[in-house]
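Worksheet: the structure to be examined is printed underneath.
Each value in this text was obtained by applying a stated rule to the coordinates, not by laboratory testing. Here the structure is a predicted model, which means the values were calculated and not measured. When we count neighbours, we look across all protein chains shown, and the Cβ atoms used for this are built from the backbone with ideal geometry, even at glycine.
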């Protein structure tokens, strides 16, 4: 076997091991994740909605989060109100042009957020200025604030109500763990609110 192929295979194995260790380390934050799930469940029970946002790969996680709730996770049930503030090119570019990029999410939170809604901020560093400003706006208008961040949590950790921090310095590992927790939360919401609806897949 060529050395380059063997080298790639070892790198693959090393990365898979690292991914497994990182996600397994989140077990220590299971209580925190459960509390996040309860916040979401209670908000939907009140008739409130989810607003979620982030940059780059985190914007994709935000979109996936909203999609699983508006569409479905495992069950054909009633849709839940969830908006990813990362999808409208017109909103993002006009706000950035008129108010600055740091306002692209905050302006939308002010437009769509209502007291009791849940704002979910996703930032691997915890220090993205536009994410932090949106959280500050959410708090101002009485939204429940949840965060997803990396090892230290950055500024985001102390700005939101709840924030699991993935114990890794690797952006890739952090994002993998974020999407895992997001899927867990979607499962909690469906199981609690629509447990009598049959699953279409596990």
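Considering the range 153-202 alone, what residues qualify as being within 16 Å of residue 32 (Cα to Cα) and without any contact (Cβ under 8 Å) to a residue 12 or more places away in the chain? The answer is 158, and nothing else.
Filtering the range 50-82 to residues that are part of a loop (DSSP other than H, G, I, E, B) and either on the phi < 0 side of the Ramachandran plot or touching a residue at least 12 places away in the same chain (Cβ under 8 Å) (or both) leaves 55, 71, 72, 73, 74, 76, 77, 78, 79, 80, 81.
Could you count how many residues in the range 142-177 are part of a helix (DSSP H, G or I) and more than 16 Å from residue 128 (Cα to Cα)? Summing the residues that are part of a helix (DSSP H, G or I) and more than 16 Å from residue 128 (Cα to Cα) in the range 142-177 gives 4. The set of residues in the range 155-165 that are over 17 Å from residue 62 (Cβ atoms) and buried (at least 21 other Cβ atoms within 10 Å of the Cβ) contains only 165.
Taken over the range 107-141, the criterion of being farther than 16 Å from residue 57 by Cα, under 16 Å from the mean Cα position of the chain (by Cα) and in a helix (DSSP H, G or I) is satisfied by 109, 132, 134, 135, 138. Residues in the range 138-148 that are farther than 20 Å from residue 34 by Cα and buried (at least 24 other Cβ atoms within 10 Å of the Cβ): 1 in all. Scanning the range 178-202 for residues that are touching a strand residue (DSSP E or B) at 6+ places or on another chain (Cβ under 6 Å) and not in a loop (DSSP other than H, G, I, E, B) yields 178, 190, 199.
Going through (1) touching a helix residue (DSSP H, G or I) at 6+ places or on another chain (Cβ under 6 Å); (2) surrounded by fewer than 17 Cβ atoms within 10 Å (Cβ to Cβ); (3) within 27 Å of residue 29 (Cβ to Cβ) one by one, residue 42 falls short only on (1). Taken over the range 22-49, the criterion of being within 22 Å of residue 131 (Cα to Cα) and part of a helix (DSSP H, G or I) is satisfied by 32, 33, 35, 36, 37, 39, 40, 43.
Okay, residues lined up against (1) out of contact with any strand residue (DSSP E or B) (no Cβ under 7 Å at 6 or more places or on another chain); (2) surrounded by 24 or more Cβ atoms within 10 Å (Cβ to Cβ); (3) within 13 Å of residue 49 (Cβ to Cβ):
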site: 91; (1), (2), (3): yes, no, no
site: 108; (1), (2), (3): yes, no, yes
site: 122; (1), (2), (3): no, yes, no
site: 129; (1), (2), (3): yes, no, no
site: 150; (1), (2), (3): no, yes, no
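Put simply, of 118, 87, 135 the only residue that is within 27 Å of residue 172 (Cβ to Cβ), surrounded by 18 or more Cβ atoms within 10 Å (Cβ to Cβ) and free of Cβ contacts under 8 Å to residues at least 40 places away in the same chain is 135.
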